[in-house]
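**Q** Below is a structure I'd like to ask you about.
The values are calculated or read from the model by the stated rules, or taken from the named source; none is laboratory data. Just so you know, these numbers come straight off a predicted model, no measurement behind them. Cβ sites come from the backbone with ideal geometry, for glycine too, and all protein chains shown count toward neighbours. Accessible surface areas use protein heavy atoms only, side chains included; no ligands, DNA or RNA. Shrake-Rupley method; radii C 1.70, N 1.55, O 1.52, S 1.80 Å.
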Amino acid sequence: MSADSLPLPADNHVHTQFSWDAGDGSMEAACRRADEIGLPSIAFTEHVDRSPWRILDERVAGDAAIAPHLDPHGCFHAPTFDIDGYFAEIDRCRSLFPDLRILTGLELGEPHWFPAETDELLRAGTFDRILGSLHSTTIDDDARLIDEWYANAVRAEHDADAIRGYLAEAIRLVEQSDVFEVFAHIDYVTRQIERLGREHDPRDFEAEYRETLRAVRDADRILEINTRRPLDQVIIDWWFEEGGAAVSFGSDAHVGSLVASGFADASAMAVAAGFRPQRDPMDFWRR
């Protein structure tokens, strides 16, 4: 199957105004973009982050999305997910775009750390796509937002430890929580490395990546190809070689114009690894 003949996959990872860090997001704008380009479906997987991140960088603390939610100790507490407003907007967009399949969803940060709160949320509504992700690390018993901690505290000589620590926590995530179907952005830490102008070669950590991929496989989860940063082809190849059943595509868009961004290249990489679109265009791409 040539790259030119590949259909666009569903976008299973999109944020809107209901995610605390998507102040410019719009569910309607994202739907309009998906409808215009012919996506088979779009899933609105809003952030639910419960870790109280200690924010030490004054620039981050002054961010409009962060500042109103800092406690007196400098810990950020993400605002409560507006579940009623979210489902009302889902219904409104479904009426505006009747030919577009609009799926509900959540991106749960560290759900294995907050099992009771997560279970309570999931009982409050029906969600079609649930992602599990890691946005946090623990430093001296403090939860830290990886983005902020990495940009301000991690020197190049510590990159390897950060990568290994992240992948080890990912194993605990998939082993200790069964509430999500898709494991999101396995390369989240490497985003931060590249933001600082440093490089990362996953081949230097092949054993750790493969161990994590086997844990994802053994937990019957789907690996996400997150296109906010192009996932390295070799990681997708390893996922196939380790027996991974399927891949999900996610733009991780926080504004409507970025829905399905990078999907043509990501689809070609998935096919090169051995995954194929299915008869149902909304399905994951399977081996």
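**Q** May I ask you to say which residue of 172, 155 is modelled with pLDDT under 85, open to solvent by 50 Å² or more (accessible area, probe 1.4 Å) and not aliphatic (A, V, I, L, M)? If you could, list the steps in order and put the result at the bottom.
**A** On the way: 172 fails: modelled with pLDDT under 85.
Only one candidate passes the filter, namely 155.
**Q** Looking only at region 181-226, count every residue that is in a loop (DSSP other than H, G, I, E, B) and open to solvent by less than 10 Å² (accessible area, probe 1.4 Å) and tell me the total.
**A** In the first step, residues of region 181-226 are kept if they are in a loop (DSSP other than H, G, I, E, B); the result is 181, 184-187, 196-201, 219-221.
Then drop every residue that is not open to solvent by less than 10 Å² (accessible area, probe 1.4 Å), which leaves 184-187.
Of the residues in region 181-226, 4 are in a loop (DSSP other than H, G, I, E, B) and open to solvent by less than 10 Å² (accessible area, probe 1.4 Å).
**Q** Further question: For the list (1) more than 24 Å from residue 145 (Cα to Cα); (2) of a type in the set (A, V, I, L, M); (3) open to solvent by 10 Å² or more (accessible area, probe 1.4 Å), I need the number of the one condition that residue 255 fails.
**A** (1)
**Q** I'd like the full set of residues that are open to solvent by less than 30 Å² (accessible area, probe 1.4 Å), out of contact with any Ser or Thr (no Cβ under 7 Å at 6 or more places or on another chain) and among the polar types (S, T, N, Q), limited to region 133-150.
**A** Across region 133-150, the qualifying residue is only 133.
**Q** Follow-up. Kindly indicate the residue of region 53-94 that is modelled with pLDDT of 95 or more, aliphatic (A, V, I, L, M) and under 20 Å from residue 138 (Cβ atoms) and also surrounded by the fewest Cβ atoms within 10 Å (Cβ to Cβ) among those meeting that condition.
**A** For region 53-94, the residue satisfying everything is 70.
**Q** A follow-up question, please. For the structure I just gave you, tell me whether residue 240 is farther than 17 Å from residue 287 by Cβ, among the hydrophobic types (A, V, I, L, M, F, W, C) and in a helix (DSSP H, G or I).
**A** Numbers: farther than 17 Å from residue 287 by Cβ: no; among the hydrophobic types (A, V, I, L, M, F, W, C): yes; in a helix (DSSP H, G or I): yes.
No: the conditions fail for residue 240.
**Q** What pairs come up if the first residue lies in region 258-287 and is more than 14 Å from residue 230 (Cα to Cα) and of a type in the set (A, V, I, L, M, F, W, C), the second is open to solvent by 40 Å² or more (accessible area, probe 1.4 Å) and assigned to a helix (DSSP H, G or I), and their beta carbons are under 7 Å apart, counting only those six or more places apart or on different chains?
**A** As it stands, the answer is 259/33; 272/233; 273/237; 273/240; 275/240, since those pairs meet every condition given.
**Q** What residue, among those in region 186-216 that are among the small types (Gly, Ala, Ser) and at pLDDT 95 or above, is farthest from residue 251 (Cα to Cα)? Before the answer, list the steps.
**A** Keep residues of region 186-216 that are among the small types (Gly, Ala, Ser), which gives 197, 207, 215.
With at pLDDT 95 or above added as a condition, the list becomes 207, 215.
Details: 207: 27, 215: 24 Å.
Only one residue tops the list, namely 207.
**Q** Quick test for you: out of 183, 97, pick the one residue that is modelled with pLDDT of 95 or more and within 15 Å of the chain's Cα centre (by Cα). Let's see the steps before the verdict.
**A** On the way: 97 fails: within 15 Å of the chain's Cα centre (by Cα).
Checking each option against the conditions leaves just 183.
**Q** Which condition does residue 247 not pass, out of (1) of a type outside the set (Ser, Thr, Tyr); (2) on the phi < 0 side of the Ramachandran plot; (3) open to solvent by 10 Å² or more (accessible area, probe 1.4 Å); (4) touching a helix residue (DSSP H, G or I) at 6+ places or on another chain (Cβ under 9 Å), if it passes all the others?
**A** For residue 247, the failing item is (3).
**Q** Return yes when residue 169 is under 16 Å from residue 109 (Cβ atoms) and without any contact (Cβ under 8 Å) to a residue 40 or more places away in the chain and no when it is not. Can you show your working first?
**A** Values: under 16 Å from residue 109 (Cβ atoms): yes; without any contact (Cβ under 8 Å) to a residue 40 or more places away in the chain: yes.
Taking the combined requirement at face value, the residue satisfies it.
**Q** So residue 146 passes all but one of these: (1) out of contact with any His (no Cβ under 7 Å at 6 or more places or on another chain); (2) more than 16 Å from residue 13 (Cβ to Cβ). Which condition number does it fail?
**A** (1)
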